[in-house]
C-alpha cells in the first residue's frame with residue numbers, strides 16, 4: 001500500500017524523504033508539531049483531571065473572592081437557614097414550597113427556568129433577583145405581566161430604605177454599587193431608593209409573610225467585600241425570610257455543574273480509560289521505533305584511499321621473487337595482449353610478430369607493444385605493464 005502523499009514509484013524510505021525536505025521547512029514542521037502536541041496534551045490532561053465544581057466564582061455562593069457571596073451563605077446558615085447550592089438548571093432543581101431562591105447575576109436562562117420560578121411563587125415561595133435580569137419574561141412572572149420594572153446600567157448612588165415591608169425592617173442604608181438602578185417600577189413597592197433612581201422593589205405576598213418577589217438592581221451589597229458595610233447584612237438576612245426557611249442559590253448559571261465540551265464531557269472512568277490507552281500507544285511507539293527501517297551506521301562507509309592501496313600493492317609486489325612475480329602478473333599480460341589484439345584488429349591466436357605488425361599499423365605506441373609482447377618479470381616491468389594496460393583500456397572504450 002502506498003503511503004499518503006507519496007508518488008507511485010517512489011521507493012525512498014521515510015527517513016530519505018524526510019531528509020529531502022529543505023532544512024528550514026523541517027525546522028518549521030518540527031516546531032509546529034511540538035506546539036500542537038503540547039496543546040493537545042494539555043487539553044487532554046485538563047479534560048481528564050478537571051475540577052468539581054468548575055465555574056466562575058464571581059457572584060457565586062462558592063466564591064470566596066471579594067466578588068463572591070460565600071460569606072452570605074455562612075451568615076444565613078448561622079441564622080438557622082438550610083443552604084442548597086444548586087448546580088443544576090433552575091428548571092431541574094427541587095424548589096421546596098416556601099423556600100427562598102436567590103438569583104445573583106444570572107447569565108444563562110431558559111423558558112423552563114422561568115416556569116420553575118412561577119411555580120415556586122405560586123406555591124408560596126420567594127424569589128430574590130439581584131443584578132441585571134436575564135430575561136423580561138422572568139420579571140413578568142415575578143411582578144405581573146402588566147408593568148414589570150425595568151433595569152438600567154446607571155448607578156443608583158447612595159440608597160436609603162423606604163419602610164413599606166418587612167424586608168427593610170431594621171435597615172437604613174444599603175450599598176448601591178457602581179452599576180445598576182431601575183427606570184420604571186410599575187405597580188411594585190420601592191423598598192430602596194437612591195439619588196440616581198429606585199434601587200430595589202418588592203411585589204406580591206407569600207403565604208409565609210413578606211413579599212414573594214424582590215428585585216435589587218445590583219448584587220454589590222451582598223458580596224464578600226461589602227457585606228459588612230452599612231446595613232447590607234441586615235438587608236440580606238431579611239431577604240432570606242424567617243429562620244429555618246430553606247434558601248437555594250442558583251449556581252448553574254455561574255458555570256457550576258455544567259458538562260464540559262470534548263473529552264471533559266465524558267464520564268470520568270471513560271477519560272481515565274482513554275488516558276491509559278494513550279499511554280499504552282505511546283509506550284508501543286517507543287518500543288517499536290528501533291525497528292522502523294534498517295539499522296544504519298553512525299557514519300557513512302568510505303572507499304579506502306587509492307594511494308594507500310597502490311602503495312600497499314607495490315610493497316607486496318616488490319617483496320616477491322621474480323618467478324613468483326611472473327606468475328602473478330601473467331593474467332595482466334594476458335588481458336593486455338587481448339586488448340592489444342582488439343585494438344590492432346587481429347585474432348588473439350595470431351603470433352607476436354603479426355600482432356606487432358598490426359599494432360604498428362594501428363599506431364599503437366611502442367612502449368605498449370614492447371611491454372605487452374615481451375615476456376619479462378621485474379618490478380619495473382610490472383609498472384610498465386600497468387601503464388600499457390591502462391592505455392589499452394582507455395583507447396578501447398573501457399574504463400576502470
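Averaging the sequence gap over all C-alpha pairs within less than 8 Å and six or more residues apart, then dividing by the number of residues, gives segment 56-134 a relative contact order of 24 percent. Given R0 = 25 Å, the distance between the Cβ atoms of residue 390 and residue 361 translates into a calculated FRET efficiency of 0.65.
When the inverse distances between all different Cα atoms of segment 70-254 are averaged and flipped, the Kirkwood radius reads 16.0 angstrom.
Summarising the label geometry, the points placed 7 Å from Cα in the beta-carbon direction at residue 122 and residue 30 lie 7.0 nm from one another. Counting neighbouring Cβ atoms within 10 Å and putting the fewest first, the residues 256, 309 line up as 309, 256. Full extension of the chain segment joining residue 318 with residue 183 gains 36.8 nm, where the gain is 0.36 nm per residue of separation less the Cα-Cα distance. Fully extending the segment from residue 281 to residue 136 would add 46.8 nm, taking 0.36 nm per residue of separation and subtracting the current Cα-Cα distance.
Site pair residue 348 and residue 164 shows an inter-label distance of 12.8 nm when each label is modelled 7 Å from Cα along Cα→Cβ. Once you reduce segment 88-129 and segment 168-227 to the center of their Cα atoms, the two points are 18 Å from each other.
Expressed in Å, the radius of gyration and Dmax of the Cα atoms of segment 306-395 are 13.6, 40. Each residue, residue 40 and residue 195, gets one label point 7 Å from its Cα in the Cβ direction; the gap between the two is 6.1 nm. Rounded, prolate or oblate for segment 129-184? Axes are the square roots of the Cα gyration tensor eigenvalues, ordered a ≥ b ≥ c, and the cut-off for rounded is a/c under 1.5. In terms of gyration-tensor shape, oblate.
FYI, it's all coordinate maths here, none of it is from the lab. These figures come from a predicted structure and were not determined experimentally. FYI the Cβ positions are ideal-geometry reconstructions off the backbone, even for glycines, and counts take in every protein chain you see.
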